[in-house]
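As C-alpha cells, the structure follows; a few thoughts come after it.
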Amino acid sequence: MQLKKINPNLQKALVENGLEDAFELIADTFSTVKSGSDCVIASPGATGKTTLLVINAIQKLQKPEGESTRAVIIVESKEKVLEMVELFRKYGQYTGLRVIGAHDKGDIDYDKNQISLGIDVLVGTPTKINAMFASAGFNLTTVRFFAIDDADVLFKNRQDAVILRLAESIVKTQFVFTCSEITERVEIIADKIMTEPLFFETDDSYEDDDSDDEEE
C-alpha cells in the first residue's frame, strides 16, 4: 500500500495481509486524516471505510502508551465490533497497540476491568461505551482519535444523543465519521462537535473491498 509517510510497522502488516495497493478511498483521504483534520467521509458499502478508520487509528497512535484510552471507535453492532477488532489484530500486529471490543452482549464488568488495566483503542457500540464510561468514571480527556463508523445508520437509529454526550467529555481530539451518505443529521452532528470539518463524498465507481463492512 503506497501511502505517504506511513508508519513502517503498519506498512509491513498491510503488505503481509495483501494490501500492497491502497483502496482508492483510503488513498484519497489518508493524508488529510493523518494531518489531524476533522472529517466526514461518505462512500458506498464495501469501499474500505472500516479499513480506513483502522489504518488511520494505527497510524495516529503508533505504539502503546500510558494506561488511558487514546482512541474510541463507535460501531453499530456486535458483529461490527468483532470485525474491526480483527482488522486491528491484522494491521496492528507489529505496533503492540492494545485493543478491546465492547458490545451490548458482553460483560460490562470484564470490559471495565480491561480498560482499567490499560488499553490504547476501544471499539464498541454506543450504548455499551456510554454505560462503561458513565458507571466507571473513566477519563476521556486522553482520547486523541474519536471515530464513528456508519454514522448515518447510527444517527438514524437515534444514537446521536449518546455520541454527543461522549464527545462533550473529550477536551481535544480528532473526530472522523464514515457513512454511506452525508445525511442532514450527519451534517448537524458534525457541525456540533467538529472543528471546521472536511467533507468527502465519493460515488459507486470505487472497487469493492471484500474485507470491509457491508452497509445498508
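Quick notes
- Modelled spin labels at K192 and V15, positioned 7 Å past Cα toward Cβ, are 4.5 nm from each other.
- Residue with peak Gaussian network fluctuation, the chain [Cα springs, cutoff 10 Å], from V72, V33, V162: V162
- Ascending count of other beta-carbon atoms within 10 Å, so fewest first, for E65, E196: E196, E65
- Expected-Rg normalisation [2.2 N^0.38 Å, Cα atoms] applied to the stretch 65-167: 0.99
- Taking Cα centre as origin and charging only the Cβ of basic (Lys, Arg, +1) and acidic (Asp, Glu, -1) residues, the dipole magnitude of the stretch 41-191 rounds to 380 debye.
- The Kirkwood radius of the stretch 8-201, taken over pairs of alpha-carbon atoms, gives through the Stokes-Einstein law at 10 °C and 1.306 mPa s a diffusion coefficient of 96 µm² s⁻¹.
- Rounded if a/c under 1.5, otherwise prolate or oblate - the stretch 1-87, Cα gyration tensor axes: rounded
- Length-normalised contact order for the chain - Cα pairs under 8 Å, 6+ apart - percent: 32
- Among the listed pairs K12/K128; K49/K128; K5/K156; K4/K156; K63/K172; K12/K112, those beyond 29 Å (Cα-Cα): K12/K128; K5/K156; K4/K156; K12/K112
FYI, it's all coordinate maths here, none of it is from the lab. From a predicted model like this one, the values you see are computed outputs, not experimental measurements. Neighbour counts are summed over all protein chains in view; Cβ atoms, including those assigned to glycine, are modelled from backbone coordinates with ideal geometry.
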